[in-house]
Structures are given as structure tokens and as C-alpha cells.
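Here the structure comes first, spelled out in C-alpha cells, and everything after it is commentary.
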């Protein structure tokens, strides 16, 4: 079942090493079929060079494995919660990409400093509050999703406008309209985290935040009804 | 029309990923035929691995597409303005290369610190003033060119002696006698931005600017009537 | 003798350049056969692209070469001492990987800041005390092992829970259940050293240490009887 | 003439891009035949992928081209002066490798901080004093060699024990017993410059210099009559 989606999810997972976003098996990508209420996710701890489309695991929105020989990613409950919390999203990615992790470990948002950021993210990428001890010790991976949802609600953020978050002491989750788009956003986040780091080291006391009107200009040049970047499809 | 130039502009665009200057489609190169008053530029938002010479778009100096199926780069008005403002230049490049962007986001010139810089740039590479809200909200891409021209005029800079600029909160534009030369300058800028960053972190309070006589020596070793670097052609 | 192990040790050594952990010949991997009391190690100063499985050297636990045409790694006495001091370990790696060396030169532990660290190391990776002049001038390589053992004893560390150390002014040694596992740990150490460096530069005054309950959660998600990461084998 | 040496010098030059030590044509390697009093050097400004062994230029110790169609490297007088000043050396390399250049631009020695350094360099790699205006405006490239020689004399350094220098605002020159050895030293310098930079950022107020006895131990483990690293040849 869902053979086309398995192939797409496999391809999106394989983009992670080619984009230099993962070491070893430290990443996972999923995509959802909203009509069927099922998502397809990478199995846990399998080397990228041994992965095949058939290894992908089909899971329902309560977290039950519907098809697949292998255990799904240990982060499956986080993906599930994000699909339940954010009905607009179609794909989810988790990595330990080093620049985004540095911000997650520092407990700092990746600030919107430039047009590279604004082309994809409509504002700062938030560092979520840390999970409490109880949240870690009970349903940890599910609560990782809960904490992300809570952060977006508390900040009144639209998950499709800012399709990324940093989980404290952990690393980035990104999402998008499908798995490929979510991987794209994971790469953009890594690139802007690196740019911002160096800009802040160069000018530690400056006000480096992009003006709102430039953020608007670049974001809406690529998104929404008045977008004019790229080709009409 | 302009088939040779399309091939050259295609080749110059393809150098960007091979020089590690672009992520995704975030770069564009153009070249001008001054006799015809036409320039050739990359289409907007097309993946580098799908690009062909035939995809290049021919544009005139008022910004009208003269030939081409695809939309030209969204930065086409910036290229156009630079060709109009700087009659000596023959090629223009824009990238989001990460070290140059870090300086653009920090709002700092890339200072002339060493001979690596002086071999190509006769002085600091300027960070232009930010566009005003009005400049962003009206003809944004054209005004990006206007701001660059204004910065060069205000600083009395010769665009052929300093063939590069940083657009605030955005990234580098470089140029040169043709498209290939402009890409070369984009790579030099990225390399010296990285070197300067680390030199400033090592010695944050030192006066690290290259002496004028050493800047002169290296620049004129490679440029002008008395150049003696390389082979006679 | 030990042909299978020679092949495994050769393969593990060849992972070092493919994981970007060595320059030139600056690394060595060994693995032990506990029943026979023999370990197999890379020869000293041989280029990776000239190495063959037959070049591996067999050494006993008193440091005598039992088989092999070539001199064993000059660090052989360190490996030997670690095998003697830590009976649980099955493989040892030494590299000069640049991020771990930076911490070794700075004389600083690689702190447990995130889940990337906690998935492999149960706590900070210690920077051992420097060798004394006498320890350097007598049996230097053996004493390198002595200093490592002393550090683990002084800190009451379990070498299988924290399978890595930084030797001051030198670089990392890592170990594991076999040669391949030890190389894996060498790569994890390099990656977390890089992440921690950038986190500390971003937030130099913050308390960036991972909470104990999150360290527990991630470490035991992958290790011990209740591990649930990956596939059952 | 000197066909074998031309091939060796060509090969050594081609190592520079494979070791990530050059951008564009910014590097040159030479080797000397002391019996004939001639050295072979790369031509000026030729792309590495177009270079052939036959392009190498033969020069005598007064700087006259003895054989070769192409102009020799513009840095030829520096190489010549080093061969004249340091009779023990057999090969010379110049690059603009970015970490070494950062130190050259910062005007700082690359300090001996660790065993990676001590295995190759017996002490700090000196940043030479800047050339004076007169030295730059008269025989610049020759005076670059003069300044290097002066620095080594003033510091009582043995050029075979510390086979590298940083020319201020410029970059590294390294040397060795032959061209290949000089390139090896260029790579070591780049690697230790990177390690030292990060160690100093981690621990800016610490005393990070390697103790003399550890410097001695590592240097003499690889050099001189009592060396025991590697294989007997």
C-alpha cells in the first residue's frame, strides 16, 4: 500500500545525506496521506545506504503500525503529534544538522536576519521551551510534539509560515506541504543558522534583525497569491 | 539569437554550484552584449541540474524579455540597473554564498586585509546602505541596483576596481568584464570574507588593514599596463 | 592468523578517512581477541591508500609483536594499556580529528549538552590531566594509557558508558565493543565537539548542560535492557 | 632537461588542490637540484587542470629562466632567495590556504599547542615582520624572501626544524627536503592553524602552549637519529 508515497518518502530521506544534514542514521522523514489518515516514515536506525523504499513503515494517526516489517523511527510519536496538531502540513523531517543543533543547545531562536531566511521562514525560527522532567520521563517522543505545538500556540505562529522549530538540547524539526518540501526547509534552516552565527560573531552588539517590510517583501515574493519568484506551473 | 552568449552564461551559472557558492537555486549570472544592448540571464527558480543553455532568457536594457520561454531571474531589474549604471561591466552575478552573506547581515564591509583581497579588489568591498521601506515596497529589485550605484558614487569607487558589493540583509553582487570574470570575483569575495572573519576573531583589537603600498603592489601586479602576473596572451 | 580480525581492523581503519577523521596517517585502530589475548593494530606511518589487511600487526598484551612484517603503530602501548585497564572494551581508536583536538588543546571536557551526545556518551567526555615531564620522558605511549585510566578512576567513570577521552595537548582516544564501534564513537565525539563549540560561542554565559533526566532518557533509549531505538537483531 | 624533477614538481603542485590548499591558481611549488644549481617551478597563473609536467619552468639561482616556454611563477624570486638563504632545503611551497592566511592577516604566530604541531614543527610557526614600503616598492618578491630569512635569523630558528613561515598580510611559505615534503608541511600548517584557532576561542585566557618536554618528545619521535615513528626504509 501507498507504494508511490513510500518511494517519495524514501527519496526524501535519501536527500538528507546528500544535503549534508545527517551523520549515521540521525534523521528521519515522513509524509502523510490526509485522506487515508496514514503516514509513511523511515524505519529506526537503518543505515542510509541499506535503506529501500520497501523498508518504509506505514503508521496511522494514533501511532499504530499498519504495514511494515521494521520498527518505525523512534521519533514517530513526534511526527504523529505534529500531523495531528498542524492539519495543514504534509511532511515532517527531523535531523541533528550541526548548525541548527548548536542553536538548539544554546537555547536560542534562529533570528530572521536576512533575505535568505525571509524567502522561506516568515520570522524567527523558535527554540521551544525545554521539556519538563515529567514530560521526558513519560511519553517523551509524543511530548516533544506537544512542546512544539505549545510553543507555536504561545507565540501565535502559523506553522506553514514558520515551518521549523528547534527542540531544546536536541535539534530541529521542520515540515512542509510534503516530505520533499520539509527536507528543503531543513536545509534552509541549516544554511541560515550558519549565516546568522557568523553575522552575530562579526557584529555582536548590532541590531541585526531584518526590517519587517523586507521580511514581508521577500516572503511574499515567493509565497501566496502575489508571488512572482520562479516559473508558473 | 545570442547562442554563444547563452552557452557562456549557462556555463558561468553552472560554475556557481561547482564553486560551492549556491544552495538550491539561489544564484544568477548574466552577461551583456553592449553592441546590441541586450543581456542574457538565468531563468528564475530553475534547478541547476535541469538548466540548459536554451533556457537562458534574453532581456533588453529596459527590462523587456526579448527571447525566452521562461521567466527571467527575479533579480533581473538589479542586473539591468547595474549594466545601465556601470557601462564598463560585462557580466553580473548574485549569490547567497554564506561568508559574504554573514557580512551583509552584519552590515560590515569586507575589509582589505591581505594580498588575496588586493589581487582582485582595490580596497574594501562595501556593504551598501539598507534600502528604505519605500524603496523595498516600490520597485524593489530595481532599487537594489539604485542603492548599489548610490553607494559607489558616495564612496567615489570605480566599479571595475572594486567589482563587488554587499546588499544589506541580503548578500553579494559581483561583476566583471564578462560573466565568467564576475563568477571569479564572487568566489574571491567568499574566500576573503572567510579569511577576514577568522583574522578578526584572532586579533579583534588589531589594525588589520593592508597598507596602501601593499594594496597597490598586489593590485597592479595583476591589473593594468604594468601587470606581470600570469602569461602574456 | 586472525585473518578475519585483520580484515575487520583494516576496514575500521579505512573508515577514518571516509569519516573525515584523519589527515595523512594520523590515526590508528585496533581490535582485541580476548580469548587469545592478542590484538590487531595498524602499522605505523603507512598511507591509507597503500594499506592492506595483510599489513595489520598482531600484538600480545605485553606489547610483543606476534605476527607482522611492519612496525605496529607507535601508539601501540597506549592501546595495550587500555585493553589491560578496561577489560570490557574490544576496540580502540586514536585520531587527530580537528574539533576533538581543539578541546584537547584547550584542556576542556566536551560537555554533555545535547541528545546527540547523550545517545552515545553518558556524560561529559573528559579531558585527562596532562602527563608529567617524567611520564613523557619515560614510557610515553604507555603512560598515555596510564593517564587515561587514572582519569577514569578519579572521576569514577565507566569506560563503556563514556567510551572516549581527550589526551591533553594531543587528541582523542575512543573505544567500544569492537573496532567498528570505536570508530563510530570517534565520529560522534567529533560531531558533538563541533556542535558544543558553536553553542558555547552563541551563548557563552548560559548553563548549557543537558539535564540529567534527558541524558538518562536518551542514553537508555539506545543502551541497556530497555533500549528501544533501532531494530531488534 | 630535469624531466624527472619536472614530473615531481608537477605532481607536488597537483597535490595542492587535492589537499584543499588552493583556490584558482593561488599556489606554487618548486624543487631544486643542488648539484646543478637549478630549480623547477610552476608557471604563473595557469589553471591546475591545464597544467602539464612540460609546463614547468627551469630557473637558476640568480633568477634566470634556463628552460621553459611560460613565465615562471611571479613568486619565483622568493623561492630563489629561500634556496640561497637556506642551503638545506630542497623544495618550497606558497599557498593562500585560508587558516594560515587568517593568522598571517592577524599578524600572529601559529603557536605550538599540541602534538599535531610538534610532530612536524619544532616550535611556533613565525609570522614574519611586515615588509617596509621600500621593500614592497623595490624588488618585492625577492624582499619577501629577505624578510623571511631575517625573521629566522632574528629568532635563531633552524629552517629545517621549523619549515614554515607566515608572510604578513599575505600567507604561508613552507619548505622541506623536496617538493613533496614541502607540500606535506603546507597541509600540516593549515590543519594546526585551524586546531589552534578553535582551541584559543574555547579557552582565550589559558596558557595553551605545549610544554617543552612534550614538544621534544613528539618532534624527536619523528625526526633525527632516535626517531621511531613509521617504518625503517
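Observations on the structure shown:
- Additional length obtainable on full extension of the chain from residue D:205 to residue D:129, 0.36 nm per residue less Cα span: 24.9 nm
- Cα gyration tensor shape for the stretch A:146-216, rounded if a/c is under 1.5, else prolate or oblate: prolate
- Centroid-to-centroid separation of the stretch B:75-103 and the stretch C:100-149 [C-alpha atoms, Å]: 49
- Stokes-Einstein D for the stretch D:1-119, Kirkwood Rh over Cα pairs, 10 °C, 1.306 mPa s (µm²/s): 105
- Length released on extending from residue C:158 to residue C:1, taking residue separation times 0.36 nm less the Cα-Cα span: 53.3 nm
- Here the average projected area of the convex hull drawn through the C-alpha atoms of the stretch C:99-140 stands at 3.7 nm².
- Cα-based helix-to-principal-axis angle, A:3-18 vs chain A, degrees rounded to 10: 50
- Contact order, relative form, for the stretch C:3-222: 23 percent (alpha carbon pairs under 8 Å, 6 or more residues apart, mean separation divided by residue count).
- As computed over the protein assembly as shown, the Cα convex hull volume per residue (Å³): 174
- Just checking the listed ones, C:171, C:68, C:91: in the Gaussian network model of chain C with Cα springs under 10 Å, the one fluctuating most is C:68.
- Contact order relative to length of the stretch B:75-161, as percent, for alpha carbon pairs under 8 angstrom and 6 or more apart: 37
- Pairwise FRET efficiency - residue C:138 versus residue C:65, Cβ, R0 = 22 Å, nearest 0.05: 0.55
- 7 Å along Cα→Cβ, label-point gaps from residue B:228 to other copies, nm, shortest first: 5.3, 5.3, 7.5
- Shielding value for B:43-54 is 1, the average number of Cβ atoms from other chains within 10 Å of each residue's Cβ.
- Average other protein chain Cβ within 10 Å of Cβ, residues B:209-215: 5
- Principal-axis tilt of helix A:140-154 within chain A, Cα atoms, nearest 10 degrees: 30
- Cα long-axis angle, helix D:212-222 against chain D (0 to 90 degrees, to the nearest 10): 40
- Sorted by Cβ neighbour density within 10 Å, fewest at the top, the residues D:14, D:160: D:160, D:14
- For residue C:60, label point 7 Å along C-beta direction: distances to other copies, nm: 6.5, 6.5, 9.2
- Within the listed set D:62, D:151, D:190, the Gaussian network model of chain D (springs between alpha-carbon atoms below 10 Å) gives the highest mean-square fluctuation for D:62.
- Label geometry 7 Å along the beta-carbon vector: residue B:137 inter-copy distances in nm: 5.4, 5.5, 7.7
- Helices in chain C, meaning DSSP H runs of at least 4 residues, each add -39500 (n - 2.57). Divided by all residues, the mean residue ellipticity at 222 nm is -12500 deg cm²/dmol.
- Among C:182, C:130, C:100: highest mean-square fluctuation, GNM of chain C, C-alpha pairs under 10 Å: C:130
- Along its three principal directions, the equivalent ellipsoid of the stretch A:1-70 from the Cα gyration tensor extends over semi-axes of 21, 12, 11 Å, largest first.
- Each label was represented as a point 7 Å from its Cα along the Cα-to-Cβ direction; for residue B:84 and residue A:52 these points are 6.0 nm apart.
- For the stretch B:3-222, the fraction of C-alpha pairs more than 27 angstrom apart is 29%.
Rule-based calculations on the coordinates, nothing more; no lab input. Computed from a prediction, not measured in an experiment: that's the story for all the values here. So basically every Cβ, Gly included, is an ideal-geometry build from the backbone, and we count neighbours across all protein chains shown.
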